[in-house]
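Worksheet: one structure, shown below.
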Amino acid sequence: MKKVAAFAVLLVCAVAAFASPFKKVWLEVDGTSTFTLPEITNDFGFVSMFYESICYNFGLMDMVQPGDLLDLSVKINACLKNGRKVRMTVKKYDGRNDLIFNFGTMPYQDSILVTSNYDMKLEKVIPKDGFSGNTFALLYCIVDGHVISIKKIHSEAVLGDDNVIYANDMMFDGNVENDSKVHDILEAQMEKGYSPIIYIIMAQCHFNDGRVDEGLALLDENRETILSSGLQDDIESIFLCTYEEGRALSLIYAGEGN
C-alpha cells in the first residue's frame, strides 16, 4: 500500500462533466501538523465569510451543487476548529485551471487565514505554484469566540442616516457587545416598512444570535417578497447565499462535521 500523502483526500464531490454543468470540488486536510485556536463559540462569522466572500464573490453558487457547498462549509469549519489546515480545490474553475483556497492560520496569531491562487490584479487564476502578492486572501481573528475580519477588528459601526446599514455594520464590527443591539434596531425599522432587504439582514441577525430556525423561517415567509423586490440584479443569489448560511449553521449546531 502506498503511503498517504501529506494532504489526505477527505472529500471528493464528484460530478461527471458529461452529466452535469457543475464543477467538481476536492477538499484535502493536512495530516502532518496542527495548530491551536481559541474556542470559537459563534460559527456565524466563518459561515458568512465562506458563503459571502468566497462562494458568492467567486460565483460558486452557480458552479457547484448547493449540497456540496453545504458539506464543504461544515467540514472546513470543523477542521479549523480542530486545528487542521484545509485545501479546497474547484476543478477547472475557468474551464482550464483549478481555483485553490487554502484555509489555515497566521503564525503566532489567533486567526484564520485564507489564501488562494486567484490574482486580483490580473483577475484570473494563476498556475498552482504561482502564488503572488496580488492573490486573493482573507484574514479573520477570533474575538470573544467570534470570527471577525481583520479589517473590522479595530473598527466600530458608526450611526449614519440609515439605521439598517448601521445595524448590519454592528454585526460585523470589532465590538461584539454591539450584537445585542442589532435586533431591536432592525425590528423598529421593519415596523416602519423598510425595504425587503431588511428580512435578509434580520435573518443574519438571528443566525448570529444562534436562533437559526427563526432566521430560516423568516426567509421562508418572505421569500417571494424578497425575490420580487428587484432591489438588485442578483437578489436570487443573495437570498440563496443567506439561506445556505442558515442551513450550514443548522448542521454545525447539530454536531455534524465533527
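The values are calculated or read from the model by the stated rules, or taken from the named source; none is laboratory data. Source: prediction; values computed, not measured. Glycine also receives a Cβ, built like all others from the backbone with ideal geometry; neighbour counts cover every protein chain displayed. The accessibility values were calculated without ligands, DNA or RNA, using every heavy atom of the protein model including side chains. Shrake-Rupley method; radii C 1.70, N 1.55, O 1.52, S 1.80 Å.
How many of the residues in segment 15-31 are modelled with pLDDT of 90 or more and either on the phi > 0 side of the Ramachandran plot or among the hydrophobic types (A, V, I, L, M, F, W, C) (or both)?
Here the count works out to 4.
Just to verify a result, which residue in segment 65-91, among those that are in contact (Cβ under 8 Å) with a residue 60 or more places away in the chain and among the charged types (D, E, K, R), is farthest from Ile252 (Cα to Cα)?
Per the stated criteria, the residue is Lys91.
Contact list please: Cβ distance under 9 Å, first residue in segment 43-64 and within 22 Å of Cys205 (Cβ to Cβ), second residue in a loop (DSSP other than H, G, I, E, B), pairs at least six apart or on different chains.
Short answer, once both residue conditions are applied: Phe44/Asp209; Phe44/Gly210; Phe46/Ile40; Cys55/Val64; Tyr56/Asp234.
So, in segment 84-112, exactly how many residues are assigned to a strand (DSSP E or B), over 20 Å from Val25 (Cα atoms) and of a type in the set (A, V, I, L, M, F, W, C)? First the steps, then the outcome.
From segment 84-112, those assigned to a strand (DSSP E or B) are 86-90, 99-104, 111-112; that's our starting set.
If we keep only those that are over 20 Å from Val25 (Cα atoms) too, we end up with 111-112.
This time we only want the ones that are of a type in the set (A, V, I, L, M, F, W, C), so: 112.
Summing the residues that are assigned to a strand (DSSP E or B), over 20 Å from Val25 (Cα atoms) and of a type in the set (A, V, I, L, M, F, W, C) in segment 84-112 gives 1.
Under the condition of being open to solvent by 70 Å² or more (accessible area, probe 1.4 Å) and aliphatic (A, V, I, L, M), which residue from segment 151-184 is modelled with the highest pLDDT?
So the residue we want is Ile165.
Go through (1) outside any loop (DSSP other than H, G, I, E, B); (2) open to solvent by less than 60 Å² (accessible area, probe 1.4 Å); (3) farther than 18 Å from Ile142 by Cβ and name the single condition Phe58 misses.
(1)
Let me spell it out: the conditions are (1) open to solvent by less than 30 Å² (accessible area, probe 1.4 Å); (2) without any contact (Cβ under 8 Å) to a residue 12 or more places away in the chain, and Glu123 meets all of them except one. Which number is the exception?
Unmet condition: (1).
Which of the residues belonging to segment 154-178 are in contact with a Phe, Trp or Tyr (Cβ under 8 Å, 6 or more places away or on another chain) and either outside any loop (DSSP other than H, G, I, E, B) or touching a residue at least 60 places away in the same chain (Cβ under 8 Å) (or both)?
Selection gives Val164 alone.
Quick check on this structure: which one of Glu224, Glu187 is within 25 Å of Asn57 (Cα to Cα), modelled with pLDDT of 85 or more and surrounded by fewer than 16 Cβ atoms within 10 Å (Cβ to Cβ)? Break it down into steps so the answer makes sense when it comes.
Working: Glu187 fails: within 25 Å of Asn57 (Cα to Cα).
Checking each option against the conditions leaves just Glu224.
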